[in-house]
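Here's the structure we're looking at; comments come further down.
The values are calculated or read from the model by the stated rules, or taken from the named source; none is laboratory data. Keep in mind that what you see is a predicted model, and the values were worked out from it rather than measured. Here the Cβ positions follow ideal geometry from the backbone for every residue, glycine too, while neighbour counts run over all protein chains shown. Note: areas computed on protein heavy atoms with side chains; ligands, DNA, RNA excluded. Shrake-Rupley method; radii C 1.70, N 1.55, O 1.52, S 1.80 Å.
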Amino acid sequence: MPSRKFADGEVVMGRWPGSVLYYEVQVTSYDDVAHLYTVKYKDGTELALKESDIRSQSSFKHRKSQSSSSSPSRRSSSRSRSRSRSPGRPAKGRRRSASQSREHKEDKKKPIQEPSIALPVFVLFKPSENNTKRYNGEPESTEKNATSCIILEQKLKPDLEIKRVLEQYSLRSRKDDKRKEEIYSEKKTFVAVKPIEKVSTKTKEMEFGGRIGTFMLMLVLPATVLYLLLMCKQDDPSLLNFPPLPALESLWDWRVFGVILLWFFLQAAFYLLPIGKVVEGLPLSSGRRLQYRINGFYAFILTAAAIGALLYFEFELHYVYDHLVQFAVAAAAFALALSVYLYVRSLKAPEEELAPGGNSGYFIYDFFTGHELNPRIGSFDLKYFCELRPGLIGWVVINLAMLLAEMKIHNLSVPSLSMILVNSFQLLYVVDALWNEEAVLTTMDITHDGFGFMLAFGDLVWVPFVYSLQAFYLVGHPTTISWPVAAAITVLNCIGYYIFRSANSQKNNFRRNPADPKLANLKFIPTATGKGLLVTGWWGFVRHPNYLGDIIMALAWSLPCGFNHILPYFYVIYFICLLVHREARDEHHCKQKYGLAWERYCQRVPYRIFPYIY
C-alpha cells in the first residue's frame, strides 16, 4: 500500500472542487482505504481531496526570470530574418538617442504588464473568510442582490472587448511576446486545468443511531403502522388501551397483495407516458445532470378518471376500509422486497453513483438509508417515481374510501363536515405537490439520501397509511363541529399553506435561476460553493419557513377530529419530531458545506423553525 505524502497538520495548497484554483489548507486526517486526505480551508470548510489535488507550498514559487539578453544563436539567426520591418521596429540606419536606448533596456527588464481587466481563472490567491466573492468576480460585500451578477457581467463586456483588440493589434516586440508565453506556461505548470474527478468517500458519520438505531427502526416503523390502524378500529382508542393482536393469517390476503402490485405498476405506466416536460435535476458530484419526466399531475388526473369509472360501475370502494390493515401489511411486504432489490443492485453500482450518506460499509445501515443515490432502470428513476406517485396519490384514494365508508356505515346522504375538511385540506396538499413536482428535485431526499428501506417504506407505507389516519379515525369516531369552528380551522390551514407554498417557491426559483429579475429584491450571503443563502423574504424570517407552514397545516388536519382522543394528533406530533430532526440534519450538512458563510447566516437568522421560540 503506498505511503502517504502529506502529514497531519501540514499546511499545503489544495485544489477547490470543481475549479482550477488552489487554496492554502491544512491536512487534518487521511483515509487509508479510500486514499483521500481530509483538509480544512481557512473559512472552516472541510473536504476530502485526492493526493493529486494537493501540492506543497514550495511548488507554487515562481522560477526566477531568465536573463533578457538573447543567446548567440538567437543573435545570429536574427541576421537571416526578412528585411521587411514591422511597425514597431525603427527604420534601418536610424540611430536611437541615448534616452531611447536606456528606455529600451529598462523595458526589457520590466515584467509584462496586462490591461487592468478581470484576470483568467489561473490567478492564485489565498482564501479569506469568504473567498467566493473574488472567485466569482463578485464585489466585496457580505450580502448581495440577485442582479449584481448581471450588472458585473455587463460591466466586464467592454473591458473584454478592449483586451481582444489589444491582443490582436499588439505593438509589443516578438521577443516580449515570447517572454509572455514563457511566463504563461510557468503559471500553467502551477495549476492544472483538467477538471476534478469526484470520488465517493465512505460515510464517516452515521445518523439515526448508527447500525443499532437503523435496525430498531426497521422493526419499530412497521409495528407503529400496525398499532395505529388497529387502535383506530377500537371503540376506545386510548393510548393505554392496547388492541388485541390479530391472528397472523388474518393479516395477509393474496388478493389485496395483487391490488397493491396492480396499483404500483399502473402508476409506473402513467409515469412512462410521453406527456409532460422533461427537466434536468441538480448537478451530481460528477457534474452530470439527470433528466426527469414531469407528469405527476397528469398521472393524478388519469387516476381520478380510473377511480371515477370504478364508481360508475358500482365498485365498492369501501372495500379498502374493510381491509386497510391487510393493505398496509401487503404494502410493507412490497416495500421490503423493493429494498432488497435496491441493495443488491447497488452492489454493482459505480462508486460515484453511491449515496454520500449510505456508503458506510455496514449492511444494516446502508440497507436502511440507501446505498445507491439514483437507481434507474433505463430512464425510469425508481426513487423519484416513488417519492410522489404511488404513496401520495394512494393517500388521496384511501381518504376517498374513508369518506364513502363513513356515508355507508352511518347512513349519511352527505359526508360529515369534519370528513369534508380533512379530505379537502389533504387533497389540496397532494395536488399542490404534484402541480409543483419539479420542486422535489431540490429536496434532500433526491439530492442526498440514497434509496433504501427508509424511503421505500416511507413513500409506499408510511405516507398513505399514516397520513390518512384522521380520515380513518373519523369513520369509527364521528365528530361534529360547527360552521364557525370549521371556518377558523380553514383559515388556519390557509395560513399554513400560504407560508409553505410561498417559501418553497422562493427557494426553488432562487436555486434554479438566482439572476431572475423577479428575485432582484432578495438579498443573500454568497458561499464558497457558488450558491447563496437567502437572508430576506421568508428565509430571513426563520431558517426553515416551509417546515413552519407544514406544521401549521398538520395541526389544521387534526383539529376536525376533536379532542376526545390524542390518536388523531399523532400525525402532528410525529411531524414536529420529524421536521426538528430533519432540521438538525440540515444544519449539520450546511455547516460542513458552507463553513463560515453558514455561521453568518445563523447570526442573521437566529430562529430555526418557530420564530422567537426555536
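Taking GLY213, is it farther than 21 Å from PHE334 by Cα, surrounded by 11 or more Cβ atoms within 10 Å (Cβ to Cβ), of a type in the set (Gly, Ala, Ser) and without any contact (Cβ under 8 Å) to a residue 24 or more places away in the chain? Judged against the criteria, GLY213 is a match. Pairs linking a residue in the range 526-554 that is on the phi > 0 side of the Ramachandran plot to a residue that is open to solvent by 20 Å² or more (accessible area, probe 1.4 Å) and not hydroxyl-bearing (Ser, Thr, Tyr), with Cβ atoms under 7 Å and 6 or more positions apart or on different chains, are GLY530/ASN136; GLY537/GLN506. Among the criteria (1) free of Cβ contacts under 8 Å to residues at least 12 places away in the same chain; (2) buried (at least 22 other Cβ atoms within 10 Å of the Cβ), the one ASP459 does not fulfil is (1).
For the range 30-52, indicate whether the set of residues that are buried (at least 16 other Cβ atoms within 10 Å of the Cβ), among the basic types (Lys, Arg), farther than 21 Å from LEU284 by Cβ and out of contact with any Gly (no Cβ under 8 Å at 6 or more places or on another chain) is non-empty. Yes, there is a match, as at least one residue in the range 30-52 is buried (at least 16 other Cβ atoms within 10 Å of the Cβ), among the basic types (Lys, Arg), farther than 21 Å from LEU284 by Cβ and out of contact with any Gly (no Cβ under 8 Å at 6 or more places or on another chain).
If you take the residues of the range 390-435 that are part of a loop (DSSP other than H, G, I, E, B) and of a type in the set (S, T, N, Q), which of them is nearest to GLY549 (Cα to Cα)? Walk me through how you get there before you give the answer.
Taking the range 390-435 first, the residues part of a loop (DSSP other than H, G, I, E, B) are 410-416.
Checking the rest, the ones that are also of a type in the set (S, T, N, Q) come to 411, 413, 416.
Details: ASN411: 36, SER413: 34, SER416: 26 Å.
Going through the qualifying residues, I end up with SER416.
The numbered conditions (1) open to solvent by less than 40 Å² (accessible area, probe 1.4 Å); (2) under 23 Å from GLY549 (Cβ atoms) are all true for ALA515 except (2).
If I filter the range 247-260 down to residues being in contact with a helix residue (DSSP H, G or I) (Cβ under 7 Å, 6 or more places away or on another chain) and under 27 Å from ILE377 (Cα atoms), which single residue comes out as surrounded by the most Cβ atoms within 10 Å (Cβ to Cβ)? Please lay out each step first, then the result.
Applying the first criterion (in contact with a helix residue (DSSP H, G or I) (Cβ under 7 Å, 6 or more places away or on another chain)) to the range 247-260 yields 251-253, 256-257, 260.
Of the ones still in play, those that are also under 27 Å from ILE377 (Cα atoms) are 256-257, 260.
On the way: VAL256: 20, PHE257: 17, ILE260: 22.
Out of the qualifying residues, it is ILE260.
Inside the range 218-243, residues that are assigned to a loop (DSSP other than H, G, I, E, B) and either of a type in the set (Gly, Ala, Ser) or farther than 19 Å from HIS323 by Cβ (or both) make up a count of 8.
Screening the range 1-29 for residues that are open to solvent by 40 Å² or more (accessible area, probe 1.4 Å) and hydrophobic (A, V, I, L, M, F, W, C) and picking the one that is modelled with the lowest pLDDT gives MET1. Is one or more of the residues making up the range 425-434 over 18 Å from ALA328 (Cα atoms), polar (S, T, N, Q), modelled with pLDDT of 90 or more and open to solvent by 10 Å² or more (accessible area, probe 1.4 Å)? No, the range 425-434 has no match at all. Per the conditions (1) in a loop (DSSP other than H, G, I, E, B); (2) in contact with a strand residue (DSSP E or B) (Cβ under 9 Å, 6 or more places away or on another chain); (3) open to solvent by 10 Å² or more (accessible area, probe 1.4 Å), the sole criterion not satisfied by GLU438 is (1).
In the range 307-332, how many are assigned to a helix (DSSP H, G or I) and open to solvent by 40 Å² or more (accessible area, probe 1.4 Å)?
Final tally of qualifying residues: 7.
Taken over the range 333-351, the criterion of being among the polar types (S, T, N, Q) and either at pLDDT below 95 or not in a helix (DSSP H, G or I) (or both) is satisfied by SER346 alone.
Filtering the range 360-389 down to residues that are more than 20 Å from the chain's Cα centre (by Cα) and β-branched (Val, Ile, Thr), which residue is nearest to TRP435 (Cα to Cα)? It comes out as ILE377. Looking at this structure, is PHE363 touching a Ser or Thr at 6+ places or on another chain (Cβ under 7 Å) and aromatic (Phe, Trp, Tyr)? In short, no.
With the structure loaded, tell me whether ALA304 is assigned to a helix (DSSP H, G or I), touching a strand residue (DSSP E or B) at 6+ places or on another chain (Cβ under 9 Å) and over 30 Å from HIS35 (Cβ atoms) or whether it fails that test. Spelling it out, it is not the case that ALA304 is assigned to a helix (DSSP H, G or I), touching a strand residue (DSSP E or B) at 6+ places or on another chain (Cβ under 9 Å) and over 30 Å from HIS35 (Cβ atoms). Counting only residues that are over 30 Å from VAL225 (Cβ atoms) and not in a helix (DSSP H, G or I), the range 472-498 holds 1 of them. Being closer than 23 Å to LEU336 by Cβ and of a type in the set (Val, Ile, Thr) is a property that holds for ILE260.
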